[in-house]
Amino acid sequence: MRELFWLIPLFPAFGAAFLILFGRVISRKLVSWLAPSLVGLSFLFSLLSYIQLNGVWVKELFSWIKVGNLSIPFALQFDPLSSIMAVTVSGVSFLIHIYSIGYMANDWGYNRYFAYLNLFTFSMLLLVLSANLPLMFIGWEGVGLCSYLLIGFWFEKDAAADAGKKAFIVNRIGDFGFLLGIFLLFTLFGNLSFNYINSHVSAVSPGIATAAALLLFVGATGKSAQLPLYIWLPDAMEGPTPVSALIHAATMVTAGVYMVSRLFPLYQHSGFALELVAWVGIITAIFAATIALAQNDIKRVLAYSTISQIGYMFAGVGVGAVAAGMFHLFTHAFFKSLLFLCAGAVIHGVGTNDMRKMGGLRKAMPVTFWTFLIAALTISGIPGFSAFFSKDEILKEAYLSGHKWIWAIGVITAGLTAFYIFRLIFMTFYGEYRGEGHPHEAPKVMLIPMSILALFSIIGGWFPKSFAHYLSPLGYIKVIEASHSLEIYLLGASLILAIIGIYIAWLVYVKRKGKGWNFGFVYRVIYGKYYVDELYNFLFVTPYRKGSELINRYFDKGVIDRTVEGSGEAALGGGNLLSKLQTGLLKDYGLWMATGIIIGLFLAIRSLL
Amino acid sequence: MWNFIYWILFVLSLAGLGVFLFCRREDRAVASLALTFASLGGIFALMGHAFLGTILVMLYAGAVIVGFIVVVWLIVGKSGEGKSLVTISSIVFLAVAFEVIVLLSWKKAPFKSISFSTAELGVFFMKDYLYLFELTSLLILTAVVSSLVILRRRK
Amino acid sequence: MIALVPLLILVGFGIIALVLDLFLLRWWAKLSGYAGLIAASISLFFLFSKRGKFLNGLLVFDAKGIYASLLILVFTFLVFLIADGYDLKVGIVEGELYILFLFAAAGAVVMVTTSHLLVIFVGMEVLSVASYALAGLRKDELSREASVKYAILGVFSSVFFVFGMALYYGETGNLFISPEAVANPSPLMTAAALFLFAGLMFKASLVPFHIWTPDVYQGSPSPVAGFFSIVTKIAAFLAFLRISGFLVNPAVRWFLIGSIILTVIYGNFVALRQKDIKRLMAYSSISHAGYMAMALLLGEKGGWALLFYLSVYGFMNLGSFSVISSLVENNSLDDYKGLSKAAPSLAAGMAFFMISLAGFPPTGGFLAKFFLFSEVGAGGYWWLVVIAILASLLSVYYYLRVVVYMYMKGRVEKPIFAYFPSSLLAMFASILFILELGIFPRTLIYFLRIFI
Amino acid sequence: MSVFSLFLLSALLFAGGMAGFFIRRDLVTMLLSSEIMLAGANLALLTFATMRNSIEADAIVLIVLTVAAAEVAVALAAIAVVVRRKEEATERTVSEMKG
């Protein structure tokens, strides 16, 4: 596979080109076969390459740009880090392609949808497999563009078109930083390949490295929806649900984490930049989790959850545990896309996003329920499920590297996560059905990918060797060993908080409704201490819900949205004002030119003195 | 004596400019500019560039100004003031014709030691500035075609 | 003398077309126009090895000039293709269209293959005089207005150039642009430089001499606006490049830098609110002129980045104008609503050009900006690059607005458009070249770096 | 007659022409103002030529005069077309496009 791995991104590229050119004339059936099978081929090749991988493979396809001392080959790189991404991206993308066959079956833009989806997969694979920054930037812009196209896919809805625009503009702000970062690195190193930068990073002063790292991180916050550039992601949920699953949960939004991991030595050299990454990550994690507590739109809960989980990954990478961050990225891809696909199945069956109009779907949609439950248990960090391993790896590393506060916030966030995700489960699947219409189970073509993802959500964390060992050929991944007792103590803390979170969710959303469900031993243990319910409700749940609503209303909608929209309006206003200068009258035009000349003459006379 | 004539021309050219700037009537403003250009032609001749002075007077005071007057006449003439314009343009035309004759018979260059003859200028054009000479003819051709295209009415 | 051949071919075929048009052989006149462009381009290839100075140094036939001439011819050819369908539809069945384009292109070629100020001036005037007529071709209110405005402001600005020449002559005694002369920072030379710059900035649409651009673009027939947006710019920027030695003088440099800053800000901000596609393209071209002018700060060193940018920019802009022309003077953005359903290929093409103009990879628009900005940054103007990139962020908004109108807004009545085969050909060729320059730019860059 | 007075006249013509561009209200006279500026520039050229005693300036002025005549012919034609339609030609007649 060493000679062939460069084909991985080309399969979906071919599919996208074919569908864009001939999408109007070929039948849906052909598209249903073609688009997923091409991504399937990518997945197959990634898997085979992953198995055979030893060391770092670089393949230079052709010399893309060669200008003086700047040489940018069109080179792809397959190494432990990119192999994880390639396998994850192509795998999840493959399953979502299949799921989409069912989900989009009745949409008039079927062929266009698959063209975009293939194009997205291509761009994402290019992003992760590129061996240098400019090529990565192409993928980076490409995924942004596809995301924009797919968010606005149902552009008949104004909200969708607006959301697409918002996503695009916010991402552009990030990309601006990214591009400046590339320019800066170019002037510093004169070579933009990752391997070169990573091995020569000690040649520059930490201050300059910090500047470059932070500029790139601006791009990462935009793409990965971190504070303060996260606002586009919740709105992005206007797109079709499989798109949310693929782009806005499993793959594209993790690009920032991947980029920081890729250039980890640069961040490490800077020190400050790495610390900032960790703090931005963990603050985003808890911030988004609190907002998720009060959402009623099923997809918005998941959107904030995504922001929060990516915050975890950044925190992991930021405290120096690249392996842990990547591990969580890997497991997150499965359980978060599963969550979205389940949500999609629910929306498909009920016809609404509003959880208040759901309830009691357990019986109508059994498969969806069980897979959803698996995903929920995974994200809550219940032992045995994949995220248990990855999340606790991050928290452990944070603790061991001395970031005790980050660890504490992380543990609290774990509790909040468990609460909001089970709130979602209870509101959706328990109690009485509160909506209209007849909920029905999704078709098999949707259920099969869900089941596969459920399986991976469970076993995705069972690695015989740790991620750190696998990534160690990169040279900058260190393996930390903790004492066994400390590890158990650390695990216990987050586990207890998670269980408490689930329990409160149960108390609030199941028990209080009077139609309780026997929740096994947890229920029995705390049975008879009913006042705890009230107390928790008073002390914990109500303030929190109020607080998160406040944050949502005043900070999220008020400050950040206002800033973005405000600057847009300011720009438009500025344009209006300046365009007044164009009066249409020749004399005013002449006046402009005369002014120019007079200023010029003034300059000339000044140079005399 | 020449100095005196120079200063008279100097003042006259500025006077023409002044009238142009501050006269209300468009036609008179344009006609007064003929005075400016005519005096400038004289100054050119005094400087030893009699040929250029002739060209300037013919081109501007003659062709261009009369052309402008025609256009102004198109505008103002519709309000019944055409007659005075005809008078003005005839006066300008006669004056210009007179000056051109004077300038063409001009031999002296009172303020210059060496004067170039028109023949020398021709040689210069044929040798050093041949390319520019040809380009100018291209320009004139383009201008003719352009004017025709602009003036053509819609079919 | 042999270097005159391309010019002679252009003018010769122009005159042949003129005669044919006189005898009402319109089709043959058009053919003569095409033939002239092709023959002149071919002659450029053969004459590439004959580089040097001709005609007492008035004609400088160097790699830069030859490449720019080729660009001018290629883009004029594209304009021909665009105009071909357009003239039938709008009722301009005048063979003069092609004749004027040929003469204008000849003027532009004269401008780029010289380093003598007077030749630049005469070439510029040939280009301008033809342009005034071209702007007024459509024979309606707006077109007439565009023609008059362009002509009066054009004459006004050309006076600046003449005055600059006079001062330059006063200082040096001739009008050849020599490195020693332009590097002289005497007050007279500074003033000369500023006046010369003013004249060229008018053609290149740099603030505050940009002011004619939106009105003239809006009023002119679409293919003509496309022609103005690129051929005039190539000629102006090449002439600029020849006199860029003036920029060692701080007064002149700051004059240009100030103008660049104002240009990128003004162009991008005002484009935000435009409702007319041709006005939008005009403001977009103003802002692009601002980016390109940044390369001038590096002098000859920035020449290759400038020429690469011009090559890509020409295809992007003419591509958009091929679509704009296909909508036959329905230029409001509202006319683009629902175009994606009615004319998917036109909409897709337009979307592609907009994305390229906004500078997204892997289109050529990205690479052009990338090279230009990194070169200017490496030349020590980082802060200017930052301003330019910040301002260009805004451009994403208005370029994508066009895409949004085409793809994301429906309407009841169908958009009015026509498929012109030749115009479509121009569109596809542009797409191809933009992708080619974006993905395999090596050959061109190699050429530009070696020779320029 | 002094070089200084010639330059003064040239500058006055240039400035006066520029002023005329803003003072006169008709397109025709605005165009003519540009021609006065041009005459100023030509005078400056010839003054330099007198100082340098060179024939080149004569050639330059001759070409500039021709160019100006060509320009004016086309501009005048454009104005005449407006006049034909609108009965007048001030700057307000041609201010449809703006913004």
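The values are calculated or read from the model by the stated rules, or taken from the named source; none is laboratory data. Since we're looking at a predicted model, the values are computed, not measured. In this analysis, Cβ positions are derived from the backbone assuming ideal geometry, glycine residues included, and neighbour counts consider all displayed protein chains. Surface areas here come from the heavy atoms of the whole protein model, side chains and all, with no ligands, DNA or RNA. Shrake-Rupley method; radii C 1.70, N 1.55, O 1.52, S 1.80 Å.
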Of residues in the range D:40-94 being within 19 Å of B:G42 (Cβ to Cβ) and of a type in the set (S, T, Y), the one nearest to the other protein chains (Cβ to nearest Cβ)
D:T50
It is to be established whether one or more residues within the range A:50-66 are open to solvent by 30 Å² or more (accessible area, probe 1.4 Å), assigned to a helix (DSSP H, G or I) and either closer than 23 Å to A:M259 by Cα or of a type in the set (A, V, I, L, M, F, W, C) (or both).
yes
Quick check, is C:L318 surrounded by fewer than 24 Cβ atoms within 10 Å (Cβ to Cβ) and among the aliphatic types (A, V, I, L, M)?
no
Considering only residues that are open to solvent by 70 Å² or more (accessible area, probe 1.4 Å) and not in a helix (DSSP H, G or I), which ones fall in the range B:1-35?
B:M1, B:R24, B:R25
When restricted to A:V128, A:V143, A:V89, the only residue within 12 Å of another protein chain (Cβ to nearest Cβ), under 15 Å from the mean Cα position of the chain (by Cα) and hydrophobic (A, V, I, L, M, F, W, C) is A:V143
Mind checking which residues of the range B:36-65 are hydrophobic (A, V, I, L, M, F, W, C), under 25 Å from D:A19 (Cβ atoms) and open to solvent by less than 10 Å² (accessible area, probe 1.4 Å)?
B:F37, B:L40, B:I43, B:F44, B:L56, B:V57, B:A61, B:I65
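Residue-wise test of (1) charged (D, E, K, R); (2) touching a His at 6+ places or on another chain (Cβ under 8 Å); (3) at pLDDT below 80; (4) under 30 Å from B:A119 (Cβ atoms).
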position	(1), (2), (3), (4)
B:H49	no, no, no, yes
B:V66	no, no, yes, yes
B:G80	no, no, yes, no
B:S89	no, no, yes, no
B:A97	no, no, yes, yes
Taking the range C:167-182 as the search range and keeping residues that are at negative phi, outside any helix (DSSP H, G or I) and open to solvent by less than 30 Å² (accessible area, probe 1.4 Å), which one is farthest from the other protein chains (Cβ to nearest Cβ)?
C:I177
Note on the range C:124-143: residues buried (at least 24 other Cβ atoms within 10 Å of the Cβ) and among the polar types (S, T, N, Q) are C:S128, C:S131
Residue check for C:F240: away from every other protein chain (no Cβ under 11 Å) and closer than 23 Å to C:T76 by Cβ
yes
I'd like the full set of residues that are facing another protein chain (nearest Cβ under 7 Å) and under 21 Å from the mean Cα position of the chain (by Cα), limited to the range B:130-147.
B:T136, B:L139, B:I140, B:A143, B:S147
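Would it be correct to say that A:G381 is touching a residue at least 40 places away in the same chain (Cβ under 8 Å), over 29 Å from A:I448 (Cβ atoms), crowded, with 18+ Cβ neighbours inside 10 Å and touching a helix residue (DSSP H, G or I) at 6+ places or on another chain (Cβ under 8 Å)?
On the way: touching a residue at least 40 places away in the same chain (Cβ under 8 Å): yes; over 29 Å from A:I448 (Cβ atoms): no; crowded, with 18+ Cβ neighbours inside 10 Å: yes; touching a helix residue (DSSP H, G or I) at 6+ places or on another chain (Cβ under 8 Å): yes.
It is false that A:G381 is touching a residue at least 40 places away in the same chain (Cβ under 8 Å), over 29 Å from A:I448 (Cβ atoms), crowded, with 18+ Cβ neighbours inside 10 Å and touching a helix residue (DSSP H, G or I) at 6+ places or on another chain (Cβ under 8 Å).
Just for the range A:277-322: of the residues that are of a type outside the set (D, E, K, R) and not in a helix (DSSP H, G or I), which one is surrounded by the fewest Cβ atoms within 10 Å (Cβ to Cβ)? Break it down into steps so the answer makes sense when it comes.
Of the range A:277-322, the ones of a type outside the set (D, E, K, R) are A:277-296, A:298, A:301-322.
Still in the list and also not in a helix (DSSP H, G or I): A:293-296, A:319-321.
Values: A:L293: 22, A:A294: 21, A:Q295: 22, A:N296: 14, A:V319: 29, A:G320: 25, A:A321: 28.
Across the range A:277-322, the extreme among qualifying residues is A:N296.
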Note down all Cβ pairs under 6 Å where the first residue falls in the range B:89-101 and is over 12 Å from B:V66 (Cα atoms), the second is among the small types (G, A, S) and open to solvent by less than 30 Å² (accessible area, probe 1.4 Å), and they're at least six residues apart or on different chains.
B:E99/B:A38
Among the residues in the range C:183-196, are any away from chain A (no Cβ under 11 Å), more than 16 Å from A:I599 (Cα to Cα) and open to solvent by 20 Å² or more (accessible area, probe 1.4 Å)?
yes
Of everything in the range B:29-72 that's more than 10 Å from chain D (Cβ to nearest Cβ) and β-branched (V, I, T), which residue is nearest to B:V96 (Cα to Cα)?
B:V57
Quick check on my filter: what residues within the range A:1-49 are crowded, with 23+ Cβ neighbours inside 10 Å and farther than 26 Å from A:I84 by Cα?
A:L19, A:V31
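Matching residues to (1) modelled with pLDDT under 85; (2) among the hydroxyl-bearing types (S, T, Y); (3) farther than 19 Å from A:A13 by Cα:
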residue	(1), (2), (3)
A:L38	no, no, no
A:S42	no, yes, no
A:I65	yes, no, yes
A:N69	yes, no, yes
A:I72	yes, no, yes
A:A75	no, no, no
A:D79	no, no, yes
A:I84	no, no, yes
Matching entry among A:Y113, A:Y99, A:Y103 (being open to solvent by 10 Å² or more (accessible area, probe 1.4 Å), more than 11 Å from chain C (Cβ to nearest Cβ), more than 30 Å from C:F370 (Cβ to Cβ) and among the aromatic types (F, W, Y)):
A:Y103
Test: residue in the range D:28-47 that is of a type outside the set (S, T, N, Q) and open to solvent by 10 Å² or more (accessible area, probe 1.4 Å)
no
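Filter the helices (runs of 4 or more DSSP H) completely within the range A:373-492 down to those with at least 3 residues that are aromatic (F, W, Y).
On the way: elements: A:386-400, A:404-429, A:444-459, A:467-471.
Result: A:386-400, A:404-429.
With at pLDDT below 85, under 23 Å from C:L393 (Cβ atoms) and not acidic (D, E) as the only criterion, which of A:K223, A:K165 stands out?
Numbers: A:K223 fails: at pLDDT below 85.
Within the list A:K223, A:K165, the selection yields A:K165.
Restricting to the range C:327-373, count the residues that are closer than 30 Å to C:K301 by Cα, assigned to a helix (DSSP H, G or I) and either open to solvent by 10 Å² or more (accessible area, probe 1.4 Å) or aromatic (F, W, Y) (or both). If you could, list the steps in order and put the result at the bottom.
Kept after step one, since they are closer than 30 Å to C:K301 by Cα, are these residues of the range C:327-373: C:353-373.
Going one step further and asking which of them are assigned to a helix (DSSP H, G or I), we end up with C:353-358, C:364-373.
With the extra rule that they be either open to solvent by 10 Å² or more (accessible area, probe 1.4 Å) or aromatic (F, W, Y) (or both), the set shrinks to C:353, C:355, C:366, C:369-371, C:373.
The qualifying residues number 7.
I need a count of the residues in the range A:340-369 that are closer than 18 Å to A:E238 by Cβ and outside any loop (DSSP other than H, G, I, E, B). Please lay out each step first, then the result.
Within the range A:340-369, the first condition is being closer than 18 Å to A:E238 by Cβ, and the residues that meet it are A:340-341, A:343-344, A:346-348, A:350-355.
Next cut, outside any loop (DSSP other than H, G, I, E, B) only: A:340-341, A:343-344, A:346-348, A:350, A:354-355.
Summing the residues that are closer than 18 Å to A:E238 by Cβ and outside any loop (DSSP other than H, G, I, E, B) in the range A:340-369 gives 10.
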Looking at (1) farther than 30 Å from A:S607 by Cα; (2) modelled with pLDDT of 90 or more; (3) open to solvent by 10 Å² or more (accessible area, probe 1.4 Å); (4) within 14 Å of chain A (Cβ to nearest Cβ), which one does C:Y266 not meet, given that it meets all the others?
(1)
Top-ranked residue of the range C:395-428 - restricted to ones that are more than 14 Å from chain A (Cβ to nearest Cβ), open to solvent by 20 Å² or more (accessible area, probe 1.4 Å) and in contact with a Leu (Cβ under 7 Å, 6 or more places away or on another chain), ranked as modelled with the highest pLDDT
C:L425
